[in-house]
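Worksheet: one structure, shown below.
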Amino acid sequence: MDNDDIGRIDEDDSAPGWEAIDGALADLYPGVDPRHLATMLPWALGGQDPLDGISAYPRTEPLPHWHMVGYGLTELYSKESDHAEESGWGFELTFRPVRDPDEDAPPMWAAALMQNLARYVCTSGNRFEPGHRMNANGPIAADREDSAMRALGFVQDPELGPIDTPHGRVSFLQVVGLAVDEYEAAGQWSTTGVLDLLEPTAPLYVTDVDRPSRMVDPGFAAAVREGVERDGSTTGALYVGSVSWELDGAGALVRVGALQAPAVAQTLRGRLPFGHGLLLEADGASVGFLPGEEYAVHDEGEGALTVVVPRVALDELTAALRPERGAASFPAMPGLRLEVVPTAILDEYGKETGEVVG
């Protein structure tokens, strides 16, 4: 991306979706000219960056930061989808990294992060929503290996509400940096709950890649524990990338990727004891875990399996979900076998990096 005027696929084309977003930003920042990061080769023409551009507004209040807004996950130029009420994916990404008061250009790592997230949406078909979270499997600022910010939460942008455009409704979904233990706390309890606890020290959910985890604050950690004990986990489904199953004469075999196994275990502990199920989803397959008095498995059709987990089996099941290759069976769930299989790490373009977990 270049620091330049926002690019268009064709300068002669109208862009009513783009203009509607510009209008919302003009209402928030009257008379302010943002810095623009333009994509040289748009996604529609074979480029690797789904966002055609990013607008970045310098802010001094409530603390210095950049308010960065993407253009590209909605229908900017013409209506192509059959969903009249929603434009494209229905949302654009925003991000608020801390800004040095003397800084006159937004950080490129932040733009790269937004492009990577948009690429994930466009290639996987999985959309983000408020309350979602994601493990980045590394620092969100690629050049900051010492940063504790290695995961993300998603929240409705606190200053940009949904807008109506000629191509349908558009909301603005803000990306927020999280430390790994904050991310884990969000899985055990609630992403929204953890973000709300962060907000007093990170107003407008500004991300500071240099901050330490708030979980070291006894008061913060106690508030998380209270939420977990009161509510359990609000995460009802996880897209895990790698899950499969099969039924045979011996019973049911479920396979889960090693990379996602710890998150699955954490979320199960926050769901089943509270009477709530958890659905694991991957391309072409899903496995749902439900609490119940007696173990059972049900082939639901269309690649879906349901496993009923009795309370006495929960500790054994979650203990087997470790980030390493292995297999386990369970006395309280006769016939169920769990395999944790190696997971290849992918780069931002969906290609294997050569690194494997498990």
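A few points about this structure:
- Selection within the stretch 40-62 - in contact (Cβ under 8 Å) with a residue 60 or more places away in the chain, within 21 Å of MET108 (Cβ to Cβ) and either in a loop (DSSP other than H, G, I, E, B) or of a type in the set (Asp, Glu) (or both): GLN48, ASP49, PRO50, LEU51
- Scanning the stretch 149-180 for residues that are outside any strand (DSSP E or B) and within 17 Å of ASP210 (Cβ to Cβ) yields a count of 1.
- Considered as a group, the residues in the stretch 183-202 that are in a loop (DSSP other than H, G, I, E, B) and free of Cβ contacts under 8 Å to residues at least 40 places away in the same chain include one that is nearest to GLY270 (Cα to Cα), and that residue is GLU199.
- Of everything in the stretch 134-189 that is of a type in the set (Lys, Arg) and at pLDDT 95 or above, the residue that is nearest to GLU86 (Cα to Cα) is ARG169.
- Remark: pairs (first residue in the stretch 87-103, in the same structural domain as LEU76 (by TED's automatic domain parsing) and on the phi > 0 side of the Ramachandran plot; second residue of a type in the set (Asp, Glu) and in a loop (DSSP other than H, G, I, E, B); Cβ separation under 9 Å; 6+ apart in sequence or on different chains) = GLY88/GLU75; GLY88/GLU80.
- Screening GLY193 against (1) under 14 Å from the mean Cα position of the chain (by Cα); (2) under 29 Å from THR318 (Cα atoms) leaves a single unmet condition, (1).
- Meeting the requirement of 1 or more residues that are among the β-branched types (Val, Ile, Thr), the strands (runs of 3 or more DSSP E) wholly within the stretch 210-267 are 243-248, 251-257.
- Residues in the stretch 27-58 that are over 16 Å from ALA118 (Cβ atoms) and β-branched (Val, Ile, Thr): VAL32 alone.
- Any hit, the stretch 149-159, residues being among the polar types (S, T, N, Q), in contact (Cβ under 8 Å) with a residue 12 or more places away in the chain and under 23 Å from GLY241 (Cα atoms): no
- Test: residue in the stretch 182-195 that is among the acidic types (Asp, Glu), buried (at least 19 other Cβ atoms within 10 Å of the Cβ), under 23 Å from PHE95 (Cα atoms) and not assigned by TED's automatic domain parsing to the domain that holds GLY284: yes
- Boolean, PRO130 is over 17 Å from the mean Cα position of the chain (by Cα), crowded, with 16+ Cβ neighbours inside 10 Å and either assigned to a loop (DSSP other than H, G, I, E, B) or at pLDDT below 95 (or both): no
- Residue satisfying condition, being polar (S, T, N, Q), at pLDDT 95 or above and in a strand (DSSP E or B), within set THR306, THR353, THR318: THR306
- Matching residues, the stretch 201-241, being under 19 Å from the mean Cα position of the chain (by Cα) and loosely packed, with under 13 Cβ neighbours inside 10 Å: GLY236
- Here ILE140 meets the list (1) outside any loop (DSSP other than H, G, I, E, B); (2) closer than 27 Å to LEU197 by Cα; (3) β-branched (Val, Ile, Thr) almost entirely, failing just condition (1).
The values are calculated or read from the model by the stated rules, or taken from the named source; none is laboratory data. From a predicted model like this one, the values you see are computed outputs, not experimental measurements. Neighbour counts are summed over all protein chains in view; Cβ atoms, including those assigned to glycine, are modelled from backbone coordinates with ideal geometry.
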